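Q: I'd like to ask you about the structure that follows.
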Amino acid sequence: DEEFDELCFEFGLELDEITSEKDIISKEKGEEKAKGASDTVLYKIDVPANRYDLLCLEGLVRGLQVFKERINLPKYEKVIPAQGEGQKLIITAETVQVRPHAAAAVLRNITFTKERYDSFIDLQEKLHQNICRKRALVAIGTHDLDTISGPFTFTAKAPSEIKFKPLNQSQEYTASQIMDLYRTDSHLRHYLHLIENKPLYPVIYDSNGVVLSMPPIINGDHTKISLKTRNVFIECTGTDITKAKIVLDILVTMFSEYCEKPFTVEAAEVVYPNGKTHIYPELAYRKEKVKPELINKKLGISETPSSLAKLLTRMCLKSDVTGNGNNIEIEIPPTRADIIHACDIIEDAAIAYGYNNIQMTIPKMYTIANQLPINKLTELLRQDLAAAGFTEALTFALCSQEDIADKLGMDISATKAVRIGNPKTAEFQVARTTLLPGLLKTIAANRKMPLPLKLFEISDIVVKDPNTDVGARNYRHFCAVYYNKSPGFEIIHGLLDRVMQLLEVPPNEENGYTIKATEASAFFPGRCAEIFAKGQSIGKLGVLHPDVITKFELTMPCSALEINIEPFV
């Protein structure tokens, strides 16, 4: 695991975590739901959004093998079939209003296994989410070519005129019924809006009128791919032809590895409404020239042209030195649509060289940096709070709604909390509006430690604020808790006095700080005070309410203090 983590890092990726299906489900949905899930180890790898060629196992392994110099980068070839034998996709004029573009290709004599098949479907899904912008720009359809006969027609018809059996369904439906059928489907309902309100729906037929697909919603069941499929017809329809070409290129380059002749793709002809034809996939290789001194200068390294060429070749960019070492000629393969400018090439050279191997130097600029005053104050306070015997905790900035509302006896609407639109887990639903829950959860996780537990944290909280351009505002809060067999109100009160002493704020009303009795839902009645300084309320201190303590799964009394330190900067 460590070696693989290291390799990913060198290749410019991040091994996010080592987990299993069981772990993931128990984290997101709880232990109960995870019973019976697989324990197989899974690597979660973060791939940069521009590297579509690393989104499947095939591409990732190929990239790493080339990087480790175990294999040479394969040459992807397109095979143009004999006259009249190739597949044709004819686009009719009706599609212009809905999805005007299409590209197609064929993978001949391919051999699928369960793993390859799953990877093939998974890559399409990842591309749909990423470059296809949730199928808005491009939708991919893959079909078993032996179940249909060309030429194929890409047209658009009224929803009532389209009728076919959708993928994995048992009967035929019209397009309007299909829309209703999938309105409740957790996966497909997100794509319905793309064509729902259009007068005509896009559809692809073969020469016998069999429906291949109704992009971008669903394929027909007739052309379904199985493990026995030998020839795959791929069509990419969309509103953006450049993206459609890239998506088609990625799909065929990744999976042509499993064809009888590896890395060959059979071309298909697309006929436009105006009669023009185009052969896809383009699989275009192009040459770029970059001067070695430019790479060295931009990266702050001094490598010879031939070693720079070698570094780039390891990053799947086959490079040769030309013109007595004055230029490096780089061949950009069709898998690397992300290389648009010399900077992209230089970045790859930097990754192959290793960011950690670049010598640190002092920049030639004369600028004097300064710490932000709020951070300077935070650093000074942290030092002295630790000296006062408190231990610093760092807790998550996101928490569940319960933590900041129900568990503290408040209503969520009163907290002015910023909510996450689509939270991945129940633990991270809102941005925290107070630091207290984080510290109480920390104590709950450390109940076996010897008492007393004295913790503090100085971090930002977030609340909604309609007056700011982003609609929310951060405040730097300081929070401390004391957890022991007795509440220890005097200890927390003493800590407040010490903080004020450090901030040189005297204990008086005119220009200092005062505390006044108050009531708050999280605190014990009659054991809570509000703190005033600089003419404003800056926070509260007191003994926590027994209900709050039990809700955070604690068993001893606890006193707490939380103030906003921004007025003291």
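Q: Can you list which of the GluC sites (Glu not before Pro) found in region 1-96 are DSSP loop residues with at most 12 other C-beta atoms within 10 Å? Write down the numbers at each step before the final one.
A: On the way: sites: Glu2, Glu3, Glu6, Glu10, Glu14, Glu17, Glu21, Glu28, Glu31, Glu32, Glu58, Glu69, Glu77, Glu85, Glu94; in loops: Glu31, Glu69, Glu85.
Answer in residue order: Glu31, Glu69, Glu85.
Q: Could you tell me the ratio Rg/Rh of region 286-357? Both radii from Cα atoms, Rh via Kirkwood. Show your work: numbers first, answer last.
A: Values: Rg = 10.9 Å, Rh = 11.9 Å.
Ratio of gyration radius to Kirkwood radius: 0.92.
Q: Further question on the same structure: Using the Kirkwood formula over every pair of different C-alpha atoms, what hydrodynamic radius in Å results for the chain?
A: 28.9 Å
Q: With respect to the cross-link table entries Lys27/Lys448; Lys407/Lys485; Lys27/Lys68; Lys29/Lys114, which display a Cα-Cα separation exceeding 25 Å?
A: Working: Lys27/Lys448 23 Å; Lys407/Lys485 21 Å; Lys27/Lys68 35 Å; Lys29/Lys114 28 Å.
Those over the limit are Lys27/Lys68; Lys29/Lys114.
Q: Sorted from largest down, what three extents in whole angstroms do the Cα atoms of region 32-153 have along their principal axes?
A: 51, 41, 30
Q: Translational D (Stokes-Einstein, µm²/s) of region 1-46 at 4 °C and 1.567 mPa s when Rh comes from the Kirkwood sum over C-alpha pairs?
A: Translational D for this selection: 113 µm²/s.
Q: With the cut-off at 1.5 for a/c, could you classify region 88-203 from its C-alpha gyration tensor as rounded, prolate or oblate? Intermediate results must be reported in sequence, preceding the final value.
A: On the way: a/c = 1.44, a/b = 1.24, b/c = 1.16.
Rounded, since a/c falls under 1.5.
Q: From the phi of every residue in region 56-73, what ³J(HN,Hα) in whole Hz does the Karplus formula 6.51 cos²θ - 1.76 cosθ + 1.60 yield, where θ is phi - 60° and glycine or proline is x?
A: After applying 6.51 cos²θ - 1.76 cosθ + 1.60, I find 9, 4, 4, x, 5, 5, 4, x, 5, 5, 5, 4, 7, 6, 8, 9, 8, 4 Hz.
Q: Can you tell me, using C-alpha contacts under 8 Å and at least 6 residues apart, the relative contact order of the chain as a whole percent?
A: Relative contact order comes out at 12 percent.
Q: Considering only protein heavy atoms and a 1.4 Å probe, what is the carbon-and-sulfur percentage of the accessible area of the chain?
A: Carbon plus sulfur share of accessible area: 51 percent.
Q: Put one equal scatterer on each alpha carbon of region 314-429, apply the Debye formula with no solvent term, and list log10 I(q)/I(0) at q = 0.09 1/Å to two decimals.
A: Values, matching the q order: -0.68.
Q: What is the antiparallel percent of DSSP beta bridges lying wholly in region 373-568, to the nearest 5? Kindly include the intermediate steps, with their values, before the conclusion.
A: Working: 39 of 41 bridges.
Bridges in region 373-568 that DSSP calls antiparallel: roughly 95 percent.
Q: Run down the lysines and flag those whose C-alpha is under 20 Å from the C-alpha of Lys464, throwing out any fewer than 8 positions away in its chain.
A: Partners within reach: Lys416.
Q: Which ³J(HN,Hα) values in Hz, rounded to whole numbers, follow from the phi angles of region 427-435 under the Karplus curve 6.51 cos²θ - 1.76 cosθ + 1.60, where θ = phi - 60° and Gly and Pro get x?
A: Values, residue by residue: 6, 10, 9, 9, 7, 5, 10, 8, 8 Hz.
Q: At a Förster radius of 56 Å, what calculated FRET efficiency corresponds to the Cβ-Cβ distance of Lys198 and Asp411, to the nearest 0.05?
A: 0.80
Q: Using the Cα centre as the reference, give the magnitude of the dipole from point charges on the C-beta atoms of the chain (Lys, Arg: +1; Asp, Glu: -1; all else neutral), rounded to the nearest 20 debye.
A: 660 debye
Q: With θ set to phi - 60° and the Karplus curve 6.51 cos²θ - 1.76 cosθ + 1.60, what are the ³J(HN,Hα) couplings of region 519-524 in order, to the nearest whole Hz, using x for Gly and Pro?
A: 10, 8, 4, 7, 10, 5
Q: Could I ask something else about it? Using only Cα atoms and rounding to the nearest 10 degrees, what angle (0 to 90) does helix 373-387 make with the longest principal axis of the chain?
A: 60 degrees
Q: Show the residues, 5+ positions off or on another chain, whose built amide H is closer than 5 Å to the amide H of Ile538.
A: Amide H to amide H, under 5 Å and 5 or more residues apart or across chains, Ile538 pairs with Ile531, Phe532, Ala533.
Q: Something else now. Could you do me a favour and compute the accessible area per residue for the chain, 1.4 Å probe, result in Å²? Let's see the in-between values first.
A: Working: 29560 Å² over 569 residues.
Ligands and nucleic acids excluded, the result is 52 Å² per residue.
Q: Any chance you could give the angle, 0 to 90 degrees and rounded to 10, that helix 114-129 forms with the longest Cα principal axis of the chain?
A: Helix 114-129 sits roughly 70 degrees off the main axis of the chain.
Q: Now, a different point. Any chance you could give the angle, 0 to 90 degrees and rounded to 10, that helix 342-353 forms with the longest Cα principal axis of the chain?
A: 70 degrees
Q: Have a look at region 373-568 and give its Rg and Dmax from the Cα atoms, expressed in angstrom.
A: Rg and Dmax of region 373-568, Cα atoms, are 16.2, 49 Å.
The values are calculated or read from the model by the stated rules, or taken from the named source; none is laboratory data. Keep in mind that this is a model prediction, so the values were computed, not measured. In this analysis, Cβ positions are derived from the backbone assuming ideal geometry, glycine residues included, and neighbour counts consider all displayed protein chains. Only protein heavy atoms, including side chains, enter the accessible area calculation; ligands, DNA and RNA are left aside. Shrake-Rupley method; radii C 1.70, N 1.55, O 1.52, S 1.80 Å.
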